[in-house]
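Peer 1: One structure, pasted below without further comment.
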Amino acid sequence: MARPLHEGVLERPVTSLVVATCAAITWYLHARGLGYDDVGMSYAAVVREKKYHRCVTASLSHVSVLHLLFNMSTLWSCGVVEAAGGRGVMSDAESAAGYPWGSAWYARLSLLMLLGTCGIVLATYHVLLTRFRREEYERVTAVGYSAVVFGWMTILSVKRPTSSLVLIGGAVNLPVNLAPFASLAFTSIVVPRASFVGHLAGIVMGYLIAWDLFAWFNWRWCVAVVVAIGMLAARESGVVGGVVGRLAGGGGGGGSEARSSTHWSPYDRVRVVNADPSGLCPASLSAHHPSLSIPALDAFQLHLTPFNSTPTFARMERT
């Protein structure tokens, strides 16, 4: 007899939180009409344009509902690690230390895999671009939690090779020692647009963690990474620049003046003034004090969100 859902949620709080967050973001993307270009991670977006937040938004975003269901069902099955408190999967040092809360341990390694897989993907794209002149990889855009899911499957295949994963609501029972590469081959065949590099990065990161090469990544490192991510996000949104400007200006209105006129953030509120529907006159895009003049297009609609730093009309084709 199947266990009640609420018991599974209580046993796997971090897994449940990730599933709920990914589902909510998917609903938001569909409701707003956003897609890969708005939240996805690519070499051009992260390295060239320095949109570092894409490493997080891409991992938690799913444009396809089928992609979301596959990832979350697999993640829920892998959540047995969290439910077991990490027993049989923790490193020897962690087991000896007697960590009391498996969910916290699970969250720490999930964060490590999320960032580590992004780093491996970007490094791979860099090599393909600079060494092999494969320029198409500069704009290859990836979304989804698949890399972390593949990482957990790999960890289980090393630490618990005799166990199995129950996928797609019990329709598939896959031996865990075959799960990583079998899933890699399956997704590459069935979903041609699936990120082979991203999935492979998850497998690589899973092996590195399973072999205890990241045993040094303790709670101090985890807290430092979270703080760094928060500061980076605040910097991208202009919060840090505004606070520094207000302090430098004695609490007056110097916060906006302290920011460079060439700096524009996707989190700034914007407005369009003097727009000429005939398309002959320029429109002025104003974000507080900085301004940017752009040519107006016929009957365009300006749509900016925290996930989208590019005006949609810049990608529209006139018919």
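Peer 1: Gain in length, Arg235 to Cys222, computed as 0.36 nm per residue apart minus the alpha-carbon separation, to one decimal in nm? Intermediate values should be presented prior to the final figure.
Peer 2: Working: separation 13, 0.36 × 13 = 4.68 nm, distance 1.99 nm.
2.7 nm is the gain from fully extending Arg235 to Cys222.
Peer 1: So how much slack lies between Tyr207 and Thr130, counting 0.36 nm per residue of separation and subtracting their Cα-Cα distance, in nm? Mind dumping the intermediate values first?
Peer 2: Working: separation 77, 0.36 × 77 = 27.72 nm, distance 2.67 nm.
Extra length available between Tyr207 and Thr130 comes to 25.1 nm.
Peer 1: Report the FRET efficiency, 1/(1 + (r/R0)^6), for Phe196 and Ala23, where r is their Cβ-Cβ distance and R0 is 30 Å, rounded to 0.05. Intermediate values should be presented prior to the final figure.
Peer 2: Details: r = 25 Å, r/R0 = 0.84.
So the FRET efficiency works out to roughly 0.75.
No lab work stands behind these numbers, since they all come straight from the coordinates. Values in this document were obtained by computation on a predicted structure and should not be read as measured data. No Cβ is skipped: glycine too gets one built from the backbone with ideal geometry, and neighbour counts run over all protein chains shown.
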